[in-house]
Amino acid sequence: MSRPTPPPLPPIGPRSFDSDVPNASRMYDYYLGGAMNFTADRELAERAKSVLACTPSLARLNRSFLRRAVNACLDEGIDQFLDLGSGIPTVGNVHEIVQRRNPDARVMYVDYDATAVMHAKKLLDGNENAAILHADIRDPDSVLSAPEVLGLLDFDRPMGLLMVGILLYVGDEYNPKGLVATYRDACAPGSLVPISVITLEHVSKYDPVTHKQMLDLISVYDDASEQINVFGETEFTTWFDGMRLLEPGVTVLPDWRPDGALESDNDSPAGLLGIGGLGKIVRGPVAEAPDA
Ligand SMILES: C[S@@+](CC[C@H](N)C(=O)[O-])C[C@H]1O[C@@H](n2cnc3c(N)ncnc32)[C@H](O)[C@@H]1O
């Protein structure tokens, strides 16, 4: 018996505006309490919350990891950032965190969502050291050779290469590990790479209820323009090949250099779902142990 032909994969490239199809960018904005979302986004986000009540906590924990990772990059002297899948501007944007500590630091945002790009352009108007590129990160050449990117960032010097809360939307068919390697190879040694994704590994061991609810959430996203992909922690750790994982290595998000913020979210079941790490790009042999 012949198997049904799977639906074609959506094309790679920047997406045009469509308020009728719920998307990851605007649903994330809704979870974070933003106003840049439409009825279709809110309805699907509410369905997501009805199956996994802690979905907004998961978004906030990811956002908190982003903030701590960006500050860790600044602590290491990084003064330029390429933020892949930057999202709709919200509280605690990367350029605000960065330019508060170093007004001359540069930030290049990249997102394929038209709403995210439109709002970021408005917000960044007049900021000479920050900009956004409307591009699909699954086409690295369209990012790495864009004149806007090359005009703002110096790839001969270390940068912060942020892939926070984005690769969960990139399925195996687009080889997320290969994408990390391509962007890594474009950056100078000493660059710092924070990455976060979602895993089922911990809930499958310790929290069967949340495990089942997370599987239901994944099904809810079948009706969004992006689907959610989950990754095993061992597999995720290999994405840091060619890098030295800085302390504390790959952990669940609340355990990554906690600073006391978001304590109520830290206790939510969402605390077992998000994992992240911060790699430092090295050339030559990589030491086994995480490096402080
Ligand atoms: C969950 S938000 C994360 C925002 C931010 N990085 C953070 O951690 O708070 C994910 C963003 O990635 C964007 N995105 C997903 N797939 C993408 C792709 N292939 N190329 C560019 N952007 C993408 C979505 O449009 C969305 O704005």
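The values are calculated or read from the model by the stated rules, or taken from the named source; none is laboratory data. These figures come from a predicted structure and were not determined experimentally. Ideal geometry is used to build each Cβ from the backbone, glycine not excepted, and the neighbour counts take in all protein chains shown. Protein only, heavy atoms only, side chains kept; ligands, DNA and RNA dropped before computing areas. Shrake-Rupley method; radii C 1.70, N 1.55, O 1.52, S 1.80 Å.
Here are the numbers for this structure:
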read-out: Relative contact order for the chain, counting Cα pairs under 8 Å that sit 6 or more residues apart, in percent; value: 21
read-out: Highest to lowest packing among 97-106, 274-283, 157-166, scored as the average C-beta count within 10 Å; value: 157-166, 274-283, 97-106
read-out: Per residue accessible area in Å² of segment 28-167, where ligands, DNA and RNA are left out and the probe is 1.4 Å; value: 39
read-out: Under the Karplus curve 6.51 cos²θ - 1.76 cosθ + 1.60, θ = phi - 60°, whole-Hz ³J(HN,Hα) for segment 211-218, x wherever Gly or Pro sits; value: 4, 5, 5, 5, 4, 5, 4, 4
read-out: Candidate aspartates and glutamates - alpha carbon under 17 Å from residue 212, same-chain residues fewer than 8 apart omitted; value: 201, 222
read-out: Using θ = phi - 60° and Karplus 6.51 cos²θ - 1.76 cosθ + 1.60, couplings along segment 170-179 (whole Hz; Gly, Pro as x); value: 10, x, 4, 5, 9, 6, x, 4, x, 5
read-out: Calculated FRET value between residue 114 and residue 259, using beta carbons and R₀ = 30 Å, to 0.05; value: 0.30
read-out: With DNA, RNA and ligands ignored, accessible area of residue 246 (1.4 Å probe; Å², nearest 10); value: 0
read-out: Computed E for residue 35/residue 205 - FRET, C-beta separation, R0 25 angstrom, nearest 0.05; value: 0.05
read-out: Extension reserve of the residue 141-residue 100 stretch, reckoned as 0.36 nm per residue once the Cα distance is removed; value: 11.7 nm
read-out: Relative contact order, percent, segment 98-140 [alpha-carbon distance under 8 Å, six or more residues apart]; value: 46
read-out: Table column - 3J(HN,Hα) (Hz), segment 44-56, Karplus curve with 6.51, -1.76, 1.60, x for Gly and Pro; value: 5, 5, 5, 4, 4, 5, 6, 9, 9, 4, 8, 4, x
read-out: Residue 43 - accessible surface, heavy atoms, 1.4 Å probe, Å² rounded to 10; value: 120
read-out: Inter-label distance, nm, simple model (7 Å from Cα along the C-beta direction), residue 122/residue 212; value: 4.3
read-out: Placed amide H near residue 133: partners under 5 Å, 5+ positions off or other chain; value: 109, 110, 111
read-out: Carbon + sulfur, % of accessible area of the chain - ligands and nucleic acids excluded, 1.4 Å; value: 53
